[in-house]
Amino acid sequence: MEVSMLASGSTGNSVFIRAGETRILIDVGISTRAVTRKLADIGADAGSIDAILVTHEHSDHTKGLVTYGKKYDVPVYARYDAWRAMPTVAKAVTQPNRRLLRESLEVGDCKVEVFDTSHDAVDPVGFNIFYKDKKISLATDLGFVSNRVKNALTGSDMLVFEANHDVDMLKQGTYPPYLKRRILSAQGHLCNEDAGHTLAEVVRDKAHTQIMLAHLSQENNRPHLAKNAVENILQSTGLSMDTEVALKVASPDQTVSWEIKRA
C-alpha cells in the first residue's frame, strides 16, 4: 500500500493511493495534464483509476476535475452539497460517474470510511482507506480537530495530515487581515503546533506510524519549520522518531511517494 502526493498546498492538491490492484485519487486540484504526467512517472495510468474521492469543492482540490471528468471514464465521489457547489465539475462528469459520497464505500479491494472535518466549505470530509490489515488516513484543510476526527485517525499506519502554517510567519506576513483571520479560525487551516499536538494524541497506541505533513502554505510556512515543530512535540511526549514515528513533508509540485512499512 503506497501513497503518492502528486501535489500538496494552496496551489493544488492531489493524492494517489495504490493498494494491490486498486487505484484511488483523492482530489484533482492540478491540471489533468499534470496528473497524467505525474501518474505516468510512477507507473500508473490516469485512465485506470478506480475512483476519485473529493474532500470539498474548493478549486485547489477540484480545478482539474472538469477536464478529467470529460476525458476519463472514472467514478467521482463527492458529498451532495459539494456537487451543488461545483456545477461546472458536475456538468463535466457524466451522469453514471457522478456518485454521491456517503459514510462508507467499497473501491476495488479497499474499504473507504468518510468523516466530517471543519473548514469553510459546504460539507468537507476526510478519508480512512483500508486494505487488508493496513489503514491510511487523510485529513487536511482543518480549522480545528474534533474528537470525531481524532477517533477516525487513531490506529492509522500512515497519516496524511495538515501542517499549514507557522503562526508567526502568518501574523507577520503580507496576507490581508481578513485572510489571516480566516486561516486562524475554526474553519480555516491547522498550524504546525496544533498538528503536532494532535498527532501526538492519535499515534500513541500504534507500534509504528508514518506521517506525511501536507497542505503547507508556500507563503506562511517552510518544510523544515513544519517538520521541526511536529518532531519536537512528538519527542516531548516520549515518542521515538524513526522507531515509533517517521515523518515526511509533501511538496507543492514534486511527487512524494511513500510505501507503508511492513511490520
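Every read-out reported here was derived from the displayed coordinates using simple, explicitly stated rules and does not represent laboratory data. Remember, predicted model here, so these are calculated numbers, not experimental data. Here the Cβ is made from the backbone with ideal geometry for all residues, glycine too, and neighbour counts use every protein chain on show.
Given the Cα-Cα distance of THR11 and VAL122 and 0.36 nm per residue of separation, how much length would full extension add, in nm? Full-extension gain reported as 37.9 nm.
Restriction of the trypsin sites (Lys or Arg not before Pro) in segment 154-218 to DSSP coil positions whose beta-carbon has at most 15 other beta-carbons within 10 angstrom yields ARG204.
Of the residues SER146, SER8, the one with the fewest other Cβ atoms within 10 Å heads the list, and the complete ranking is SER146, SER8.
Net length available on complete extension from ASN151 to GLN187 is 11.0 nm, with 0.36 nm assigned per residue and the Cα-Cα distance removed. Each of CYS110, CYS191 has some number of other Cβ atoms within 10 Å of its Cβ, and from fewest to most they run CYS110, CYS191. Around VAL145, what is the net charge, scoring Lys/Arg as +1 and Asp/Glu as -1 over all other residues with Cβ under 11 Å from its Cβ? Local net charge: -1. Shape of the chain from its Cα gyration tensor (a ≥ b ≥ c, root eigenvalues): rounded if a/c is under 1.5, otherwise prolate when a/b > b/c, or oblate? Verdict is oblate for the chain. Assuming a ≥ b ≥ c are the square roots of the Cα gyration tensor eigenvalues, decide whether segment 104-258 counts as rounded (a/c under 1.5), prolate (otherwise, with a/b larger than b/c) or oblate. The shape class here is oblate. Near VAL122: Cβ cut-off under 12 Å, other residues only, Lys/Arg at +1 and Asp/Glu at -1. The net charge is -3. Shape class of segment 24-80 from the Cα gyration tensor (axes a ≥ b ≥ c, square roots of the eigenvalues): prolate, since a/c reaches 1.5 or more and a/b is larger than b/c.
The simple spin-label model puts a point 7 Å past each Cα toward its Cβ; for ALA246 and ASP168 those points are separated by 3.2 nm. Magnitude of the charge dipole for the chain, about its Cα centre and with charges confined to Cβ atoms of Lys, Arg (+1) and Asp, Glu (-1), is about 560 debye.
Within the straight-line cut-off of under 20 Å between alpha carbons, the lysines reachable from LYS38 are LYS63, LYS70, LYS71, LYS248, sequence neighbours fewer than 8 places apart in one chain being disregarded. Sorted fewest first by neighbouring Cβ atoms within 10 angstrom, SER240, SER156 come out as SER240, SER156.
Grab the other residues whose beta carbon is less than 9 angstrom from that of VAL76, score K and R as +1, D and E as -1, and report the net. So the surrounding residues net to +2.
Between SER236 and ARG102, the contour length at 0.36 nm per residue exceeds the alpha carbon distance by 44.4 nm.
In percent, rounded to a whole number, the relative contact order of segment 1-98 is 23, using alpha-carbon pairs under 8 Å and six or more apart. Packing around the peptides 58-65, 127-134, taken as the average count of other Cβ atoms within 10 Å per residue, puts them in this order, highest first: 58-65, 127-134.
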